[in-house]
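Structure record follows, encoded as C-alpha cells.
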Amino acid sequence: MTGKIRIPFIGDMPVVVKGSSSFLLINRAFEKFPLMIETDTEEIVQGVYPGDLIIVSAPEGGDILPALFLLELVRTHHLPVIALPKTHPAGKRLSYVISAAEKIEMRCDIKRGTHPEQNLLCSADEFTGMTLFADGEELVIENARDGISVSCIQWESSFTEKKMNV
C-alpha cells in the first residue's frame, strides 16, 4: 500500500485509475439529482450532490468507451442504477459497475451489481480496500495500492446534429 494520494481534478475530465488488469473511471457530480436505485423488491432514492463521486469499476479491464458512456448516463442523464439479487446469474457477466456517493470503498468480496449501498463498489482485488472521495478540487485515494497509474481523459459527451437534405 502506498497510503494516501491526491490527484487534482482538471476541469470536467474524468480520472482513470489503472491497475495491471482493471480500471476505475471517476468524475464528480456537477448538479444535485435523485439517483434511483432499482432492486428486485424496492426502489431506493438517494440524493447525489455536487462534488459527490461517480465511479465506474471495470474489474476485468476492457474498453474504456463503454465505461465513459455508463458514467455519463448516470452523471448527466440521471439513468437509474439497477441492483441485482445476489443469486442473479447476470452478475457474473457485468463488465462495468457503477456507484455514486460522497465516499466510495472498493471491494473485491462483493458480487457485481448486487449492492444498492452506493458507498461500496465491486472492484478487482488490486483495488480492494481503497477509499475514494473528493476534497475540494482534488480526488483523494486512501489506502492506494502500489503499481496504480493515474491519468485523465479529454472527453466530449455532447454532440451536434447536422440536418441532411433529403
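A compact table of results
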item: Unmet criterion (only one of (1) out of contact with any strand residue (DSSP E or B) (no Cβ under 7 Å at 6 or more places or on another chain); (2) exposed (fewer than 14 other Cβ atoms within 10 Å of the Cβ); (3) free of Cβ contacts under 8 Å to residues at least 60 places away in the same chain) for HIS88; result: (2)
item: Subset of region 99-112 (residues that are in contact with a helix residue (DSSP H, G or I) (Cβ under 8 Å, 6 or more places away or on another chain) and crowded, with 22+ Cβ neighbours inside 10 Å); result: ALA100, MET106
item: Breaking point among (1) under 22 Å from LEU65 (Cα atoms); (2) touching a strand residue (DSSP E or B) at 6+ places or on another chain (Cβ under 9 Å); (3) not in a strand (DSSP E or B), for MET106; result: (3)
item: 3 or more residues within 30 Å of GLU42 (Cβ to Cβ) and not charged (D, E, K, R): qualifying strands (runs of 3 or more DSSP E) within region 111-166; result: 120-122, 131-135
item: Test: residue in region 46-56 that is surrounded by 14 or more Cβ atoms within 10 Å (Cβ to Cβ) and closer than 16 Å to THR128 by Cβ; result: yes
item: Output for region 39-83, where each listed residue is without any contact (Cβ under 8 Å) to a residue 24 or more places away in the chain and either part of a helix (DSSP H, G or I) or closer than 22 Å to ASP109 by Cβ (or both); result: LEU65, PHE69, LEU73
item: Hits in region 28-38 - residues which are buried (at least 16 other Cβ atoms within 10 Å of the Cβ) and assigned to a strand (DSSP E or B); result: ARG28, PHE33, LEU35, ILE37
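No lab work stands behind these numbers, since they all come straight from the coordinates. Fair warning: this is a prediction, and the values are worked out from it, not measured in the lab. Note that we place each Cβ from the backbone using ideal geometry, even for glycine, and neighbour counts take in every protein chain shown.
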